[in-house]
Amino acid sequence: MTGALTPTPIARADIPPVGTGAAGRPRVAIAGATGYAGQELLRLLARHPAATLTLAMSSGASSTPRALPALAKIWNEPVIPLDLDRLSAEADVVFLALPETAAAEVAPVLLDRGRRVIDLSGAFRLRDDGQRRRWYPATPLLPEGTVYGLAERHRDQIRGARLVSCPGCYPTAALIALDPLVAAGLLEGAVIVDAKSGVSGAGKTPSDRTHFSENHGSVAAYGIFSHRHGPEIEQEIGMPVTFVPHLVPLDRGILETIYATLRHGATESQVSDALTAAYSDAPFVRLTGGALPEIKHVAHTNFCDVGWKVDEATSRIVLVSCLDNLVKGAAGQAVQNFNVLYGLDERTGLL
Ligand SMILES: NC(=O)c1ccc[n+]([C@@H]2O[C@H](COP(=O)([O-])OP(=O)(O)OC[C@H]3O[C@@H](n4cnc5c(N)ncnc54)[C@H](OP(=O)(O)O)[C@@H]3O)[C@@H](O)[C@H]2O)c1
């Protein structure tokens, strides 16, 4: 960011009412539109029937506005350098698809100016100050009105949020599978989340690990006991989790194999009932039971598919949870939260 964070002071305003854009639609803008998650957001928001997309911004490192060839005829406007004054003036809701250090700086400014923020980064996900200091040191405080944006669980709180902090891609898959079982008291002991992700999960800047010639033809574990999504999953389910991510040679998609122990005497039908009841009104969760899900079934969609197998004799359960990291794990989930925030049908612009 270059000078974009020294905005002209504006008096704090109330959250603007719905309907300040064309045809009574909320005006939305994207910061980080040149990234993987941001481009996906652009695709979704440019054709969202109940939002008016007003601005798409890059980091500001490049001084000249640019076009995004992949989005020609979807979004024909240039992507301009990050400008907080314009974001505040021309959007009711700002989607942040920025690195978490930038989001930690930008979100409070926009909130102070009365904008609503939907953040895709990890900056505002951890509620415990000590944990946040450790994993997200650029975020000393959680702004008032921050809600953890897993719509399947926090729909009611999201409706009144000022800042929706969207869950991480790995946690989204894990929590959708585990939450109902934890809430029903069906699990005991430790949980193991064995996760595989395509390379777009690491963003557009290549590294030694994500370089094509390193990643192609290989599978590698990384971040054992040191990945920020581990504490995020633990925060949400309140149980110890051994989280082991792997990088696989796919462009997109996450598949998690989750190993857990059922409370003694718990049955497969209790598992099935808990999951079915939890997601009876969740349009983006597809329960596949014993027919285990695959990345190909969810790629480019906002679905999270969850299957499971139970061995009642040994009280073991294995769940498989699958989503597209750039859609349900990022941009799609953010748009779903926008829909909830504005009282729209959750599927608007996504199905
Ligand atoms: N990738 C995923 O699967 C995924 C899933 C869930 C959540 N997320 C989160 O979403 C956010 C974006 O991820 P991504 O994968 O899309 O990243 P990315 O591909 O690296 O894109 C980053 C975006 O942020 C901009 N940017 C970089 N540094 C900046 C700075 N200092 N100030 C302002 N803007 C800056 C970049 O602009 P330039 O083009 O000008 O550099 C680009 O538009 C991250 O916080 C990530 O953790 C990602």
Qualifying residue in segment 76-89 (condition: touching a helix residue (DSSP H, G or I) at 6+ places or on another chain (Cβ under 9 Å), under 30 Å from G238 (Cα atoms) and modelled with pLDDT of 95 or more): no
Every pair of residues 6+ apart whose Cβ atoms lie under 9 Å, when the first sits in segment 73-99 and is under 16 Å from V117 (Cβ atoms) and in contact (Cβ under 8 Å) with a residue 60 or more places away in the chain while the second is assigned to a helix (DSSP H, G or I) and β-branched (V, I, T): L82/V106; L84/V106; L84/V109; S88/V109; V94/V106; F95/V335; L96/V106; L98/V106
Criterion violated by A330 - all others in (1) in contact with a helix residue (DSSP H, G or I) (Cβ under 9 Å, 6 or more places away or on another chain); (2) surrounded by fewer than 22 Cβ atoms within 10 Å (Cβ to Cβ) satisfied: (2)
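Among what's in segment 205-223 and is touching a residue at least 24 places away in the same chain (Cβ under 8 Å) and not hydrophobic (A, V, I, L, M, F, W, C), pick the residue that is nearest to the ligand (Cβ to nearest atom).
In the first step, residues of segment 205-223 are kept if they are touching a residue at least 24 places away in the same chain (Cβ under 8 Å); the result is 209-210, 215-222.
Cutting the leftovers down to not hydrophobic (A, V, I, L, M, F, W, C) gives us 209-210, 215-218, 222.
Values: R209: 14, T210: 11, N215: 15, H216: 19, G217: 22, S218: 19, Y222: 15 Å.
Ranking the qualifying residues of segment 205-223, first place goes to T210.
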Residue tally, condition at pLDDT 95 or above, under 17 Å from F243 (Cβ atoms) and of a type in the set (A, V, I, L, M, F, W, C), over segment 182-195: 6
Cβ-Cβ under 8 Å pairs, at least 6 apart or on other chains, segment 176-204 side assigned by TED's automatic domain parsing to the domain that holds A266, far side in a strand (DSSP E or B) and acidic (D, E): A177/E256; V193/E256; D194/E256; A195/E256; K196/E256
Contacts under 8 angstrom Cβ, first residue in segment 305-328 being at positive phi, partner among the β-branched types (V, I, T) and surrounded by fewer than 20 Cβ atoms within 10 Å (Cβ to Cβ), 6 or more apart: S315/T261
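Just to be sure I understand, how many residues within segment 44-58 are without any contact (Cβ under 8 Å) to a residue 40 or more places away in the chain and not small (G, A, S)? Even if it seems obvious, please write down each step before you answer.
Filtering segment 44-58 for residues without any contact (Cβ under 8 Å) to a residue 40 or more places away in the chain gives 46, 52-58.
Filter again for not small (G, A, S), leaving 52-55, 57.
Number satisfying all stated conditions: 5.
The values are calculated or read from the model by the stated rules, or taken from the named source; none is laboratory data. Note that this is a predicted model, so its numbers are computed, not measured. So basically every Cβ, Gly included, is an ideal-geometry build from the backbone, and we count neighbours across all protein chains shown.
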